[in-house]
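The values are calculated or read from the model by the stated rules, or taken from the named source; none is laboratory data. Note that the structure is predicted; figures quoted are calculated from it, not measured. Backbone-built Cβ (ideal geometry, glycine too); neighbour counts: all protein chains shown.
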Amino acid sequence: MDSTSPIIYVVEPYGGSIRRHNPALPLIYWDDAAVTRGDGVFETLLIRDGHPANLQRHVDRFQASARLLELPDLNIGDWIDATRQAVEEWAGLTDDDAKCVWTYTRGRESTGRPSAWVTLSPIGEKVLRQRLKGVKVMTSPRGFTIDTSLPGVDEATEGGSPEPAPWLTVGAKTLNYAANMAALRYARSQGFDDVIYVDPRTGRVLEGATSTVITVRGDKRIRTPVPGGEVLPGTTQAALFEYANAHGWRCKAKDMTVQRLLDAESVWLVSSVRGAARVTEINGHRLPAPANEKAVRELIDAALGAE
Ligand code: PLP
């Protein structure tokens, strides 16, 4: 195997066994809910210096996502063992960072058994480039917010659920990312690298297509939109806030508008594998590099290294 092949471990959901899977062979059956319905949850972790960064936060969110989708309880110890075995193999090949993905699906329709596996693979060129060069973003409504103030919503739900579509599991990291990927494809077709979702009712900034938005001000202040609801609680943002607060920065979760992003000294998209990508343009408005760009990067890197 060369260093560009993924390392795959299958996690038996009930038996408790972990087995290495040959990446050249198929893994999923035709009737797996991941394939037929996009029904399952996942986590993406950074592997750095021979260990998974920010592990406990990923564990917590993975378990919470599975619970929100009413998937069977995870035997998390097996996932951690599988990850550690894969990381050990990886470390024998290269010192490079890697991307680790945990996938847990509702499984085969014919057996009702969930499917579960861990992959470790190299980090793509595009991600490495965006870490260094930053990203140009466009803003957009997400497109599926339920506006409870719209006429007709009350009639549509009368006698049924007390709130519209309570089953929409925003807050879980589900496999259902096709809309996010479509938004990214559209953004690229228009010359952007990424998208920041904005609530069209309030003008409130939500999150990136696959990242959390943060702003930094020179006087050591960091801010992020309030997580929860339509904003996936990010593990990178949480690690950054904990570390930065302990090192003399003042961090706050408080909602913000696009104008506030434009007025910030720097804006960043943070996520597990890409780490921190500085936003260099929003809707064509340039955001010049701040004087403390290096310090911010070092802070985020240090936060991800701190367990
Ligand atoms: N928001 C969304 C929609 C995401 O998909 C992600 C990560 O994939 C994040 C935020 C950032 O989360 P994390 O820092 O845990 O990677």
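With the condition kept exactly as written, say whether any residue in the stretch 291-300 is surrounded by 14 or more Cβ atoms within 10 Å (Cβ to Cβ), assigned by TED's automatic domain parsing to the domain that holds Asp199, touching a Gly at 6+ places or on another chain (Cβ under 7 Å) and at pLDDT below 95.
yes
Return the residue satisfying two criteria in turn: it lies in the stretch 188-206 and is touching a Leu at 6+ places or on another chain (Cβ under 7 Å) and of a type in the set (Asp, Glu), and of such residues it is farthest from Gly171 (Cα to Cα).
Our first condition is that a residue be touching a Leu at 6+ places or on another chain (Cβ under 7 Å); within the stretch 188-206, this holds for 194-195, 197-199, 205.
With of a type in the set (Asp, Glu) added as a condition, the list becomes 194, 199.
Numbers: Asp194: 21, Asp199: 16 Å.
Out of the qualifying residues, it is Asp194.
Being in a helix (DSSP H, G or I), out of contact with any helix residue (DSSP H, G or I) (no Cβ under 7 Å at 6 or more places or on another chain) and farther than 25 Å from Asp60 by Cα narrows it down to one residue among Gln259, Gln237; which is it? Please lay out each step first, then the result.
Values: Gln237 fails: farther than 25 Å from Asp60 by Cα.
Exactly one residue qualifies, and that residue is Gln259.
Looking only at the stretch 193-204, which residues are in contact (Cβ under 8 Å) with a residue 60 or more places away in the chain and among the hydrophobic types (A, V, I, L, M, F, W, C)?
Ile196, Val198
State all residues of the stretch 265-297 that are of a type in the set (S, T, N, Q), in a strand (DSSP E or B) and away from the ligand (no atom under 16 Å from the Cβ); if no residue qualifies, say none. Give the derivation first.
First, pick out the residues of the stretch 265-297 that are of a type in the set (S, T, N, Q): 266, 271-272, 280, 283, 292.
Filter once more, keeping what is in a strand (DSSP E or B): 266, 271, 280.
Ser266, Thr280, listed by residue number.
When you scan the stretch 29-77, how many residues do you find that are farther than 17 Å from Ser272 by Cα and touching a helix residue (DSSP H, G or I) at 6+ places or on another chain (Cβ under 6 Å)?
Count: 4.
So which of Arg278, Arg286 ends up being without any contact (Cβ under 8 Å) to a residue 12 or more places away in the chain and closer than 27 Å to Gly124 by Cβ?
Working: Arg278 fails: without any contact (Cβ under 8 Å) to a residue 12 or more places away in the chain.
Selected residue: Arg286, the only one of Arg278, Arg286 that is without any contact (Cβ under 8 Å) to a residue 12 or more places away in the chain and closer than 27 Å to Gly124 by Cβ.
Write out, first by first residue and then by second, each pair whose Cβ atoms fall under 6 Å of each other, whose residues are 6+ apart or on separate chains, and whose first residue, in the stretch 85-96, is surrounded by fewer than 15 Cβ atoms within 10 Å (Cβ to Cβ) while the second is hydrophobic (A, V, I, L, M, F, W, C).
Final answer for the pair search is Glu89/Ile7.
Can you tell me how many residues in the stretch 33-54 are aliphatic (A, V, I, L, M) and surrounded by fewer than 18 Cβ atoms within 10 Å (Cβ to Cβ)?
We begin by selecting, within the stretch 33-54, every residue aliphatic (A, V, I, L, M); these are 33-35, 41, 45-47, 53.
Applying the additional criterion that residues be surrounded by fewer than 18 Cβ atoms within 10 Å (Cβ to Cβ) yields 35.
Adding up the residues that qualify gives 1.
State all residues of the stretch 205-239 that are among the β-branched types (Val, Ile, Thr), touching a residue at least 40 places away in the same chain (Cβ under 8 Å) and near the ligand (Cβ under 8 Å from one of its atoms); if no residue qualifies, say none.
Thr210, Thr212, Thr235, Thr236
Quick check: anything in the stretch 242-258 within 13 Å of the ligand (Cβ to nearest atom) and without any contact (Cβ under 8 Å) to a residue 60 or more places away in the chain?
No.
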